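Encoded as C-alpha cells, the structure appears first; notes follow it.
FYI, it's all coordinate maths here, none of it is from the lab. Worth saying up front: this structure is predicted, and the values here are computed from it rather than measured. A quick note on method: Cβ atoms are made from the backbone with ideal geometry, for glycine too, and the neighbour counts reach across all protein chains shown.
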Amino acid sequence: MMNQKKKNSINQKIKLLFILTPIVMILTMFITHLIFNVPLVSNNDSTNWTTSVVETGIGTSITIAILIYSNNQLKKSEEQQEKITELVLNIQNIEQRNYEREQKRLKVFSYRIITNLEVILNNHYEIKQKLEDYINKGTDEIKQNIILSSGTKLEIIEYFTILHIKSDIVYIEELFEDPLLGQNIVNQCNDYKKILKNIKEDTNWEKDTILMKISVINSQIEVLTTSIDKIKKEINKKN
C-alpha cells in the first residue's frame, strides 16, 4: 500500500511536469516576443527561436523527469538497504540470544553431568579399595561387604545416576564439539553398571580374577577422568 502511494506520487509529479512544460514554453515565447519584439515565426526554420525554446523545454522536462525518477529509485534503494540492514541486525540479535541460551543450557547440564560422573568415579575408587582390602585380608566379612555394597550402588547407578546422565546428555549432546563425547559417557556408565552387576551376582573371588577386575576399574577411572576433563574443556571453550 505504501509503495503504491509513492508510485502514484511520482507519476503525478511527472504528469504535472509535462503539463506545466508547454505552459512555461508558451509564456516564455510570449514574454520574449513582447520584450524584444522578436517575431514568433521565421521563414528560416533552422533559426526559428521558438523551435529552440520548444526543444529546450522538452529536453529540460525530460531531464527533470529522469532526475525525479532517478531520485525516487535512489530513495527506494536506500530504504531497501536500510530494511536489509535492519533485518540482518535482527537476525544477528536472534542468533546471539540463541547462542547465549545454548551456552547457559550447556553449562547447567554439563555441571550436572560432571557431578554425577564424579559420584560414579568415587564409587570406582571405593569398590577398588574394597577389592584391594579383600586381596590383602581375604575375609568373608569384606567379601560380603563388597557384594552388599555393589548391589546397593548398582541400584543407585542404574535407576538414578545413569538415567540422569542420559537425560541431561540428550539436551546438550549436539552442543559438544566432540560428537562422540555424549555417547562415550553413556557407554562408560553402562560399563561400570556391568562391573557392579558382575561383582554382585557372579564373581570368582580368586586373586587373579580380583586383580583383573581392579585393572578394569583403573582403566575406567582413567576414562571417566578424561571424560570429565573433556566436558570442562567444552564449557571453557564457549566462554
Two pseudo-spin positions, 7 Å from Cα along C-beta at Lys207 and at Val223, lie apart in nanometres by 2.8 nm
One finds, for Leu74 and Ile23 with R0 = 25 angstrom and r their Cβ-Cβ distance, a FRET efficiency to the nearest 0.05 of 0.30
Per-residue Cβ contact counts at 10 Å, fewest first, order Tyr134, Tyr69, Tyr99 as Tyr99, Tyr69, Tyr134
Rounded to the nearest whole number, the per residue volume of the convex hull around the C-alpha atoms of the stretch 93-239 in Å³ is 91 Å³
With 0.36 nm assigned to each residue of separation and the Cα-Cα distance removed, Asn136 to Leu163 gains 6.2 nm
Rounded to 0.05, the calculated FRET efficiency for the beta carbons of Tyr111 and Ile214 at R₀ = 35 Å is 0.70
Residues Ile147, Ile84, Ile127 in order from fewest to most other beta-carbon atoms within 10 Å are Ile84, Ile147, Ile127
Lys and Arg at +1, Asp and Glu at -1: neighbours of Val88 with Cβ under 14 Å from its Cβ sum to -2
In whole Hz, the Karplus estimates of ³J(HN,Hα) for the stretch 137-154 (6.51, -1.76, 1.60; θ = phi - 60°; x where Gly or Pro) are 10, x, 8, 5, 4, 5, 4, 5, 5, 5, 5, 5, 5, 5, x, 5, 5, 4
Residue separation between Asp191 and Glu177 times 0.36 nm, minus their alpha-carbon distance, gives in nm 2.7 nm
